[in-house]
Amino acid sequence: MRSVSKEELLVVLQRYFPAEAIPFVMKYVGVYSFKFVISSPRISKKGDFRFRIDGKRTPSISVNCNLGKYEFLLVFIHELAHFFVYVNSPYFVKSHGEEWKNQYKSLSLQLMEEILLPRDIEQAWRKHLSRIKSSSALDEELVTVFKKYKKENENECLLKELHKGDCFFFRNELFRLDSFARTRATCTLLRTNRRYIIGGTAEVNRTSASY
């Protein structure tokens, strides 16, 4: 595979990361021994870190291409922390154990010292660091603030922004919102009339259709 020049790498990074974070990111991408992959959208995860136990393949970090720039940055930091745990730990550790949490927190704080993030994102991120979860998707405050900075079509929103009786598309299926219970909603899949529980921070497409 042809190696990528620094100029070509910069063009790619500018497409996915916030402009102010590029110098920080370039201290790692193309410098440390991992492949950086921009992945097609995946439902089950926003990013991942992969490696071979025998060390015969270069470790890789991947991040979904459909994330907003600030969320893309956080997911990259999440996976970069996995890489450094892999490099620094000569033994097997829990995937999201103390070693990873400490590394993730250290990288995040270093980032915030070096660049100026939007105030609401920094506040939500710092709060997230006080109770780190295995996935940022589990942190409702982070999901909500990232959504504000993601350029979408006018119909895209979080499920929790809709009202009872509203219809919406989710995973290419048409649903109706029936009721809310804390952080989740009961919804009807109109094609089958079956009811499902969907998280309030799920990204959906609202529609003016009524059923």
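The values are calculated or read from the model by the stated rules, or taken from the named source; none is laboratory data. Everything numeric in this text was worked out from a predicted model, so none of it was measured. Here the Cβ positions follow ideal geometry from the backbone for every residue, glycine too, while neighbour counts run over all protein chains shown. We work out accessible area using only protein heavy atoms, side chains counted, and drop any ligands, DNA or RNA first. Shrake-Rupley method; radii C 1.70, N 1.55, O 1.52, S 1.80 Å.
Could you please find all residues in the stretch 1-41 being aliphatic (A, V, I, L, M) and modelled with pLDDT of 85 or more?
LEU13, ALA19, ALA21, ILE22, VAL25, MET26, VAL29, VAL31, VAL37, ILE38 - these are the residues of the stretch 1-41 that are aliphatic (A, V, I, L, M) and modelled with pLDDT of 85 or more.
What do you reckon, is SER106 in a loop (DSSP other than H, G, I, E, B), open to solvent by 50 Å² or more (accessible area, probe 1.4 Å) and touching a helix residue (DSSP H, G or I) at 6+ places or on another chain (Cβ under 9 Å)?
no
Can you name the residue in the stretch 59-103 that is of a type in the set (Asp, Glu) and farther than 15 Å from LYS35 by Cβ and, of all such residues, is most open to solvent (accessible area, probe 1.4 Å)?
So, considering only residues that are of a type in the set (Asp, Glu) and farther than 15 Å from LYS35 by Cβ, the one most open to solvent (accessible area, probe 1.4 Å) is GLU98.
Determine whether LYS56 is without any contact (Cβ under 8 Å) to a residue 40 or more places away in the chain, open to solvent by 80 Å² or more (accessible area, probe 1.4 Å), of a type in the set (D, E, K, R) and closer than 27 Å to GLU113 by Cβ.
no
Kindly provide the set of residues from the stretch 15-46 that are open to solvent by 20 Å² or more (accessible area, probe 1.4 Å) and either in contact (Cβ under 8 Å) with a residue 60 or more places away in the chain or of a type in the set (Lys, Arg) (or both), ordered by number.
Passing the criteria: ARG15, GLU20, PRO23, LYS27, LYS35, ARG42, ILE43, LYS45, LYS46.
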